[in-house]
Number of protein chains: 2
Amino acid sequence: MTITITNLVTYDVRFPTSRTFAGSDAMHPDPDYSAAYVILQTDSPQGLEGYGLTFTIGRGTEVCVAAIRALAPLLIGRTLESITTNMAAFWRSLTSESQLRWIGPEKGVIHLATAAVVNALWDLYARVEGKSVWKLLVDMSPEQLVACIDFRYITDALTPEEALGILQRNVATRVQREAEMLQKGYPAYTTSAGWLGYSDERLRSLCREAIARGWTQFKLKVGASLQDDLRRIQIMREEIGPDRKLMVDANQVWDVNEAIAHMQALAPYHPWWIEEPTSPDDVLGHATIARAIAPIKVATGEHVQNRVIFKQLFQANAMHFCQIDACRVGGVNEILAILLMAAKFGVPVCPHAGGVGLCEYVQHLSIFDYICVSASLEDRMLEYSAHLHEHFFDPVVIEDGHYKAPLAPGYSVKMLPETLKAYAFPDGEIWRQA
Amino acid sequence: MTITITNLVTYDVRFPTSRTFAGSDAMHPDPDYSAAYVILQTDSPQGLEGYGLTFTIGRGTEVCVAAIRALAPLLIGRTLESITTNMAAFWRSLTSESQLRWIGPEKGVIHLATAAVVNALWDLYARVEGKSVWKLLVDMSPEQLVACIDFRYITDALTPEEALGILQRNVATRVQREAEMLQKGYPAYTTSAGWLGYSDERLRSLCREAIARGWTQFKLKVGASLQDDLRRIQIMREEIGPDRKLMVDANQVWDVNEAIAHMQALAPYHPWWIEEPTSPDDVLGHATIARAIAPIKVATGEHVQNRVIFKQLFQANAMHFCQIDACRVGGVNEILAILLMAAKFGVPVCPHAGGVGLCEYVQHLSIFDYICVSASLEDRMLEYSAHLHEHFFDPVVIEDGHYKAPLAPGYSVKMLPETLKAYAFPDGEIWRQA
């Protein structure tokens, strides 16, 4: 059956999260968690559509929507089959469009838009196959997976042959890990206790609640003043005790030398990692910080723009935890390249989540990573944040600190029609009341 | 006199250059040279306005226009004085806007838009002072110049104190270099002969014409097939002889190892530099290439997204020529940071030009660089491309292979009203005919 993409519709959807400080951090004190949302319409007799989004935090979502519209002509009129039979070429047709690439290339707004569109395409593909995206990927052969990747600019770190080798060595044992994922799910940690805008009392009570719910790994936002950070990390360490893991996250607020000084001051509270200590563009800066603050580890990735920066973070030993974002880089295809580079360089992948739809997305990526690429859960966990899941048809399910493997067809980010209506910016009822 | 910014108007202006292959290269075979153009309107009794633009190559210009509109509320209603008395804070208020930074930060579309707006602001400032932008900068004290720079993320490479020292050591001799610039102008090289889409015959005749006009330095676009590149470089070398400089430009088409192999094949024709051998994001890749192909030099910068990547290119000895672009990074303020880092690391700055308005912009930057920062013309030259200057009120003037110092107030990118009308996309008459 041939399915043709007949139209692309895009929405600016914003949630007024700044009213409660949920999601607040040192660089983003007042985010309105948002999404530039995409529906790929088709001529499928069953009315199948593809759903994707890129995550934003309020103003600027309309710019991503404009970029998605600029990409739309590259999809409309194409058959799904013409795309899926040469995925790498499809991906390059978006990222190397001869005029649009000037406004990136492969970074910022145009790449966020690429992610929304590419992920919508994978969602459609999975729905047509009647599988969740992770299962669609797991059922592909190593050759098929490698054929999804555009290796441009990374062959000095990972060749197609090396990628194939990594995937092939795990094929025989895929079935056991798939069974394990279906039974236990993927381990998670929570960020919901430690937002920067929360009071000390709220931080303390949220830690207690989270422990009661079985969480064993906690993240604290830092980067305000050193005094505040010391007081807050002390509260969290008191509440969670010496054995649970405590990660801190500066959200890019420091220069290289400030990051080193700050982390040396927090070291007595044994943070496991410092996340985003400085600019996400600063590969050499992360390497300098990593050397200076050992044994504290360095994590980054949610703002790392593409596989070329990730490649260098691996090459320079600048990052101990690779925090891919499902819609910052160019969707599933580029994620595959990054997962395989991480495996080659021996760096655990702990995806960035929270936001709008990020938890829904990354569960697929981590489950696939475990079954087909890393074959390990050591030092691996998936971020979880409690808010906004109620807006999706297939929200994540957490049990005992684990993501349950999603079984519904697609990539889990299809939004409820009433959400698209009420939270539409600026005309939805939520914003008209504001 | 207090001047308040009362409105920001933005235009999508496109020139159908793809019809002639002017500007064509390995990655951009069919550019329609374009601009997202900005006018800052004010309440000045003389009707003073500020004019800025960011250069684009066709599709996607409308996305930059959307981003400029997103930035507009940060300027409208502000007095010029409130901005110019704390330039670094103004610049950070744009680049670190708490929601908009998510769609960058400081890269791609939102940073291109920042450049258009920031440059329009400098144009307005210069018009109010009755000076060209280079003269406005040259008349600032070292302290005033340093106060224009946001040092976030670069203090590990350049502190404000070091920047001040670089500027102070040149103050006493500024006046001589200013006189020299007013008399001789700034040395240039031409890209107009070597566009990739031109036939061998056209390449040959354009080389002859350029030599007749006094050009001594030539650039050839490469990166198609090795066979084509070898044939074309041979033609250019034959025409310009052994002593004139020949630079080649691959426009990011190669992977790291491809770049090395390709340049080893072109080495017998003694290219002086290879420009953009690979991804502009690949600091470590450029360093690897630079080591492998010496004594051929490595040049890059027109697609380098911000000061953080430039910082690393300096730190890693990855770039022998720094090709700043006036509207890829965030306008004059960020350019100052990059010029000062280049001076500290001893790397000549040879700005990227051509495009729409880029020649008009960068003449100001190079003249300022010579007078106040580098104090040297050794290995320095400014790109020149012959097309589209007729659309500006104050187009560049080239004499004997030198840019004449512009004397009209402002930043030289004010477009003619008939251009804004005829080339407006999609409704201008040029596009309605298409």
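The values are calculated or read from the model by the stated rules, or taken from the named source; none is laboratory data. Nothing here was measured: the structure is a model prediction, and the numbers come from that model. In this analysis, Cβ positions are derived from the backbone assuming ideal geometry, glycine residues included, and neighbour counts consider all displayed protein chains.
Which residues, counting only those in the stretch A:405-425, are small (Gly, Ala, Ser) and in contact with a helix residue (DSSP H, G or I) (Cβ under 7 Å, 6 or more places away or on another chain)? Don't jump to the end; show me each part of the working.
Going residue by residue through the stretch A:405-425, those that are small (Gly, Ala, Ser) are A:405, A:408, A:410, A:412, A:422, A:424.
Listed by number, the residues that qualify are A:Ala405, A:Gly410, A:Ser412, A:Ala422.
Could you please let me know if A:Glu239 is charged (D, E, K, R) and either over 25 Å from the mean Cα position of the chain (by Cα) or farther than 21 Å from A:Thr190 by Cβ (or both)?
Details: charged (D, E, K, R): yes; either over 25 Å from the mean Cα position of the chain (by Cα) or farther than 21 Å from A:Thr190 by Cβ (or both): yes.
Spelling it out, A:Glu239 is indeed charged (D, E, K, R) and either over 25 Å from the mean Cα position of the chain (by Cα) or farther than 21 Å from A:Thr190 by Cβ (or both).
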Worksheet item: Is it the case that the stretch A:45-59 has a residue that's surrounded by 19 or more Cβ atoms within 10 Å (Cβ to Cβ), polar (S, T, N, Q) and in contact with a Phe, Trp or Tyr (Cβ under 8 Å, 6 or more places away or on another chain)?
Response: yes
Fill in: Output for the stretch B:274-298, where each listed residue is crowded, with 24+ Cβ neighbours inside 10 Å, touching a strand residue (DSSP E or B) at 6+ places or on another chain (Cβ under 8 Å) and among the hydrophobic types (A, V, I, L, M, F, W, C)
B:Ile274, B:Ile289, B:Val298
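Filter the stretch B:31-68 for residues that are acidic (Asp, Glu) and free of Cβ contacts under 8 Å to residues at least 60 places away in the same chain; which is nearest to the other protein chains (Cβ to nearest Cβ)? Let's see the steps before the verdict.
Restricting attention to the stretch B:31-68, the residues satisfying the condition of being acidic (Asp, Glu) are B:32, B:43, B:49, B:62.
Retained after the next criterion (residues that are free of Cβ contacts under 8 Å to residues at least 60 places away in the same chain): B:32, B:43.
Numbers: B:Asp32: 7, B:Asp43: 26 Å.
Checking each candidate, the answer is B:Asp32.
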Response to the item:
Checked the stretch B:269-306 for anything more than 22 Å from B:Lys221 (Cβ to Cβ) and in contact with a Leu (Cβ under 9 Å, 6 or more places away or on another chain); matches are B:Val283, B:Leu284, B:Ala287
Item to complete: Would you check which residues across the stretch A:127-165 are part of a helix (DSSP H, G or I) and not hydrophobic (A, V, I, L, M, F, W, C) and list them?
Response: A:Arg127, A:Glu129, A:Lys135, A:Pro142, A:Glu143, A:Gln144, A:Pro160, A:Glu161, A:Glu162, A:Gly165
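Can you report the number of residues in the stretch B:359-375 which are touching a residue at least 40 places away in the same chain (Cβ under 8 Å) and either within 13 Å of B:Leu340 (Cβ to Cβ) or polar (S, T, N, Q) (or both)? Steps first, answer last, please.
Just the residues of the stretch B:359-375 that are touching a residue at least 40 places away in the same chain (Cβ under 8 Å), to begin with: B:359-361, B:363-368, B:370-373, B:375.
Restricting the remaining residues to those that are either within 13 Å of B:Leu340 (Cβ to Cβ) or polar (S, T, N, Q) (or both) gives B:363, B:365-366, B:368, B:372-373, B:375.
Counting residues in the stretch B:359-375 that are touching a residue at least 40 places away in the same chain (Cβ under 8 Å) and either within 13 Å of B:Leu340 (Cβ to Cβ) or polar (S, T, N, Q) (or both) gives 7.
Going by the conditions given, is B:Val332 surrounded by 24 or more Cβ atoms within 10 Å (Cβ to Cβ) and either out of contact with any helix residue (DSSP H, G or I) (no Cβ under 7 Å at 6 or more places or on another chain) or more than 13 Å from chain A (Cβ to nearest Cβ) (or both)?
Details: surrounded by 24 or more Cβ atoms within 10 Å (Cβ to Cβ): yes; either out of contact with any helix residue (DSSP H, G or I) (no Cβ under 7 Å at 6 or more places or on another chain) or more than 13 Å from chain A (Cβ to nearest Cβ) (or both): yes.
Answer is yes for this residue.
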Worksheet item: If you check B:Thr20 against the conditions, is it β-branched (Val, Ile, Thr), closer than 30 Å to B:Gly130 by Cβ, more than 14 Å from chain A (Cβ to nearest Cβ) and out of contact with any Cys (no Cβ under 6 Å at 6 or more places or on another chain)?
Response: no
Worksheet item: Right, A:Leu75: away from chain B (no Cβ under 11 Å) and over 26 Å from A:Ala424 (Cβ atoms) or not?
Response: no
Item to complete: Give me the pairs, please: first residue somewhere in the stretch A:331-355 and at positive phi, second residue anywhere and outside any helix (DSSP H, G or I) and aromatic (Phe, Trp, Tyr), beta-carbon distance under 7 Å, and either six or more positions apart or on two chains.
Response: A:Gly355/A:Tyr33; A:Gly355/A:Phe55
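Criterion first (at pLDDT 95 or above, surrounded by fewer than 18 Cβ atoms within 10 Å (Cβ to Cβ) and out of contact with any helix residue (DSSP H, G or I) (no Cβ under 6 Å at 6 or more places or on another chain)) does B:Ala386 satisfy it?
On the way: at pLDDT 95 or above: no; surrounded by fewer than 18 Cβ atoms within 10 Å (Cβ to Cβ): yes; out of contact with any helix residue (DSSP H, G or I) (no Cβ under 6 Å at 6 or more places or on another chain): yes.
The answer is no for B:Ala386.
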Item to complete: Have a look at B:Ser96, B:Ser82 and point out the one that is surrounded by fewer than 20 Cβ atoms within 10 Å (Cβ to Cβ), within 12 Å of another protein chain (Cβ to nearest Cβ) and under 24 Å from B:Cys148 (Cα atoms).
Response: B:Ser96
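Please enumerate the residues belonging to the stretch B:126-154 that are more than 14 Å from chain A (Cβ to nearest Cβ) and either within 20 Å of the chain's Cα centre (by Cα) or basic (Lys, Arg) (or both). Working first, answer last.
Our first condition is that a residue be more than 14 Å from chain A (Cβ to nearest Cβ); within the stretch B:126-154, this holds for B:126-148.
Matches in the stretch B:126-154: B:Ala126, B:Arg127, B:Lys131, B:Ser132, B:Val133, B:Trp134, B:Lys135, B:Leu136, B:Leu137, B:Val138, B:Leu145, B:Cys148.
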Worksheet item: Mind checking whether some residue in the stretch A:84-104 is on the phi > 0 side of the Ramachandran plot, in the same structural domain as A:Phe151 (by TED's automatic domain parsing) and touching a residue at least 24 places away in the same chain (Cβ under 8 Å)?
Response: no
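Based on what the data block shows, is A:Glu178 away from chain B (no Cβ under 12 Å), outside any loop (DSSP other than H, G, I, E, B), surrounded by fewer than 16 Cβ atoms within 10 Å (Cβ to Cβ) and not β-branched (Val, Ile, Thr)?
On the way: away from chain B (no Cβ under 12 Å): yes; outside any loop (DSSP other than H, G, I, E, B): yes; surrounded by fewer than 16 Cβ atoms within 10 Å (Cβ to Cβ): no; not β-branched (Val, Ile, Thr): yes.
So A:Glu178 fails the test.
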Worksheet entry | Number of the condition not met by A:Asp369 [criteria: (1) touching a Phe, Trp or Tyr at 6+ places or on another chain (Cβ under 6 Å); (2) of a type outside the set (A, V, I, L, M, F, W, C); (3) within 23 Å of A:Arg177 (Cα to Cα)] | (1)
Discussion item. Within the stretch A:255-272, does at least one residue satisfy the condition of being under 23 Å from the mean Cα position of the chain (by Cα), buried (at least 22 other Cβ atoms within 10 Å of the Cβ) and farther than 19 Å from A:Lys107 by Cα?
Written reply: yes
